[in-house]
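The values are calculated or read from the model by the stated rules, or taken from the named source; none is laboratory data. Quick caveat: nothing in here was measured; it's all calculated off a predicted structure. Every residue, glycine among them, receives a Cβ derived from its backbone with ideal geometry; neighbour counts consider all protein chains shown.
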Amino acid sequence: MADSADLYRTVRLIRRFEQRAIEMVRAGVIPGGIHPYIGEEAIAAGVCAALRPDDLITSTHRGHGHVLAKGADPVRMLAELAGRQTGLNRGRGGSMHAADVSAGICGANAIVGASAAIAAGAAWSHQRAGHDRVAVTFFGDGAVNQGVLLETLNLASLRRLPVIFVCENNEFATSMRVRDTTAGTITGRAAAFGIPAQTIDGMDPETVLAAAARAVDRGRAGDGPTFLECLTYRFDAHHTWEYSVRPRYRTEEEVAAGSARDPMAIQAARVPAAARARIDDEIEELLDQARRFVDESPEPDPSGALDYLYADGLRGRTGTA
Amino acid sequence: MPILSYLRALNRALAAEMERDPAVCVFGEDIGIAVSNVTTGLLKRFGPERIIDMPISEQAFTSFATGAAMSGSRPVVEFQIPALLFLVFEQIANQAHKFSLMTGGQVKVPVTYLLPSSGSRVGWAGQHSDHPYSLFAHVGVKTVVPATPTDAYGLLVSAIRDDDPVIVFGPAGAIAHRENVDFDTLAPVPLGVSRIHRPGSDVTVVAIGHLVHDALAVAEELAGTISVEVFDPRTLYPFDWAGLHASLERTGRLVVVDDSNRTCGFGGEVLATAAEEMRLVAPPKRVTRPDGAVLPFARELDLALQPTRSQVRAAIEAVAKDR
């Protein structure tokens, strides 16, 4: 089981990765922008610390934290965001589709709520093959009103699948507040399908880890899915376009209040200063290396723009013949 | 020789592949009782862990199949009603189809979507009568529309063995078709290979699905006056352009019969490609559903929107008139 320093390392890595990625968006090195995970790191760190390397996750448009916490190489992850041939997805996926299947990461997904059913199907297939793997699907509060997610809660409960539904309730679906979009309660949706559901402090990595570990045990034991609503707050923009568009859906005072409890500070307080400094240095060194790797990596060859479209290498006609 | 019906051919293909490969499983609604007559006997033979009745949650079970396919299974997803494909277009076109490219080739998604009765069944009205194969060919999902029982068998087997998503449209208008066939000769039919059902030298008729049988009937009516070659693409994506090219080298005249709405229907793609790249000695024609067709309920109204044999005959005569 992960110790306090491990959790701190993951939270810190995600935080600093995101801050550097934002700089690279501003510098034009990362095209298209990103959805920063800053403020929500405790959830990815805590949940993934409860998983084995062969367990699975599916993620969201705000997926960098999940992908890093599950064990993808931060260096190749950063190269993916920059659209380089050396990236996790060979530059074909980018921020919203980063995946490392060898690390059990079945992809971030750009359609809200879409990946839960994929996680459930993967969990079923592994269960059928006799494995005791569990699958975690991360999603935000905005996804709880998406039909396919609710359908999946039913299906997972019906078939007692080892799926852990992790709702990151950061209070906003882009600009829309939970209270303006969501009738009833979030956990009530899971309860309606007979899935044990719990609302937890999503700012404390160790609280998240403890809850996730119980959910994982349930899944491995064949007792079915669990639903965790993790209360958190998005410290930064929904997407980096906010830096130029400046939509006004929350005040600076509100953001300051919501950011007062910081998962990185919470976890830092549990790690001796000397150990923390070592971890911080290691992370900076790693991210320096990642940045150099991006700069040294080739951009993909345009002639391969449709490589990997078909597993068998099928080539359709070009746009001119 | 024994008689093979279209649905029995699909059933035999499923059973053969399930026997051959334990990864193959079937998801759908009412498949335990085989309400579409495609999964008959399979629940008893292969059990409820491989023949899985799903809740009426098409979007969830379609993506469930994607996840299962990424994780070692080889699911076949049956949809009783073609319009359900509109409901799951996200899950097929935007999820399953895109995973291979978006992950840079890290995953394969070997799923087969099976429509045992697509197109008009007359009397099933607006929301049960679509035949939406053109949409899937457009987005690049491998798309097959078998016209005969032996091709239904062979193409479904190939679809299941394929490592990409493949959609198999069994046209309602072909379901009643039967063939005398030695079951031992049933074999996989490769995707992307057309079939010439009847050779001819004056006009190539590209007919899709059940319309192959109408084209053959019209070709027979015209025998002695116009020599019609009936070209069945069998797979719409990838399409056998080389086969069509060879046929038009012989005939130079083209009619396409396509049970799609006219605008952006598959027939338009065939005409455009022939016009750009192939030998045509007369302006080609297509026979389709009308623009924007929604099939009305009453029999006369429904049939009024289907391609008919007389329309096919008129189109052939028009393209052949200046011989």
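If you take just the helices (runs of 4 or more DSSP H) that sit entirely in segment A:124-235, which of them hold at least 1 residues that are farther than 30 Å from A:Ile266 by Cα, under 19 Å from the mean Cα position of the chain (by Cα) and not acidic (Asp, Glu)? Please lay out each step first, then the result.
Values: elements: A:147-158, A:178-181, A:186-192, A:205-220.
The helices (runs of 4 or more DSSP H) meeting that bar are A:147-158.
Entry remark, segment B:138-165: residues being within 15 Å of B:Pro82 (Cα to Cα) and not in a loop (DSSP other than H, G, I, E, B) number 2 in total. Determine whether segment B:127-134 contains at least one residue that is in contact (Cβ under 8 Å) with a residue 60 or more places away in the chain and either within 11 Å of another protein chain (Cβ to nearest Cβ) or not in a loop (DSSP other than H, G, I, E, B) (or both). Checked segment B:127-134: at least one residue is in contact (Cβ under 8 Å) with a residue 60 or more places away in the chain and either within 11 Å of another protein chain (Cβ to nearest Cβ) or not in a loop (DSSP other than H, G, I, E, B) (or both).
Scanning segment B:59-82 finds no residues that are within 14 Å of chain A (Cβ to nearest Cβ), part of a helix (DSSP H, G or I) and more than 19 Å from B:Ile167 (Cβ to Cβ).
Hey, does segment A:109-121 have a residue that's more than 9 Å from chain B (Cβ to nearest Cβ), among the β-branched types (Val, Ile, Thr) and either within 16 Å of the chain's Cα centre (by Cα) or within 19 Å of B:Ala96 (Cβ to Cβ) (or both)? Yes: one or more hits. Quick check on my filter: what residues within segment B:7-24 are more than 18 Å from the chain's Cα centre (by Cα) and of a type outside the set (Val, Ile, Thr)? Within segment B:7-24, B:Ala15, B:Ala16, B:Glu17, B:Met18, B:Glu19, B:Arg20, B:Asp21, B:Pro22, B:Ala23 qualify. As a summary of the residue check, B:Ile33 satisfies the conditions (1) surrounded by fewer than 24 Cβ atoms within 10 Å (Cβ to Cβ); (2) hydrophobic (A, V, I, L, M, F, W, C); (3) under 20 Å from B:Ser129 (Cα atoms) except for the one numbered (3). Screening A:Gly33 against (1) within 13 Å of chain B (Cβ to nearest Cβ); (2) surrounded by fewer than 24 Cβ atoms within 10 Å (Cβ to Cβ) leaves a single unmet condition, (1). Considering only residues in segment A:36-84 that are more than 13 Å from every other protein chain (Cβ to nearest Cβ) and among the charged types (D, E, K, R), the one that is surrounded by the most Cβ atoms within 10 Å (Cβ to Cβ) turns out to be A:Glu41.
Can we say A:Thr226 is away from chain B (no Cβ under 14 Å) and surrounded by 11 or more Cβ atoms within 10 Å (Cβ to Cβ)? So A:Thr226 passes the test. The residue pairs whose first member lies in segment A:280-309 and is over 22 Å from A:Arg9 (Cα atoms), whose second member is of a type in the set (Val, Ile, Thr), and whose beta carbons are closer than 8 Å, counting only pairs six or more residues apart or on different chains, are A:Val294/A:Val29; A:Ser297/A:Thr86; A:Pro298/A:Thr86; A:Tyr308/B:Thr103. Within segment B:90-104, one or more residues are without any contact (Cβ under 8 Å) to a residue 24 or more places away in the chain, under 30 Å from A:Val136 (Cβ atoms), in contact with a Phe, Trp or Tyr (Cβ under 8 Å, 6 or more places away or on another chain) and not in a helix (DSSP H, G or I). A:Glu252 meets the conditions (1) surrounded by fewer than 11 Cβ atoms within 10 Å (Cβ to Cβ); (2) within 14 Å of another protein chain (Cβ to nearest Cβ) in every case but one. The failed one is (2).
Out of A:Ala212, A:Ala129, A:Ala191, one residue alone is out of contact with any His (no Cβ under 7 Å at 6 or more places or on another chain) and within 14 Å of another protein chain (Cβ to nearest Cβ). It is A:Ala129.
So, restricting to strands (runs of 3 or more DSSP E) that lie completely within segment B:199-243, which ones have at least 2 residues that are crowded, with 24+ Cβ neighbours inside 10 Å, more than 14 Å from chain A (Cβ to nearest Cβ) and in contact with a Leu (Cβ under 9 Å, 6 or more places away or on another chain)? Before you say what the answer is, go through the steps one by one.
Values: elements: B:203-207, B:228-232, B:235-237.
Of the strands (runs of 3 or more DSSP E) lying wholly inside segment B:199-243, those with at least 2 residues that are crowded, with 24+ Cβ neighbours inside 10 Å, more than 14 Å from chain A (Cβ to nearest Cβ) and in contact with a Leu (Cβ under 9 Å, 6 or more places away or on another chain) span B:203-207, B:228-232.
If you go through segment A:287-310 and pick out every residue that is assigned to a helix (DSSP H, G or I), closer than 14 Å to A:Glu80 by Cβ and within 14 Å of another protein chain (Cβ to nearest Cβ), you end up with 0. In segment A:1-109, counting only helices (runs of 4 or more DSSP H) that sit wholly within it, the ones holding 3 or more residues that are under 30 Å from A:Ser303 (Cβ atoms) span A:4-26, A:74-81. Does A:Ile105 qualify as being out of contact with any Pro (no Cβ under 7 Å at 6 or more places or on another chain), at pLDDT 95 or above, within 12 Å of another protein chain (Cβ to nearest Cβ) and within 28 Å of A:Leu161 (Cβ to Cβ)? For A:Ile105, the condition - out of contact with any Pro (no Cβ under 7 Å at 6 or more places or on another chain), at pLDDT 95 or above, within 12 Å of another protein chain (Cβ to nearest Cβ) and within 28 Å of A:Leu161 (Cβ to Cβ) - is met.
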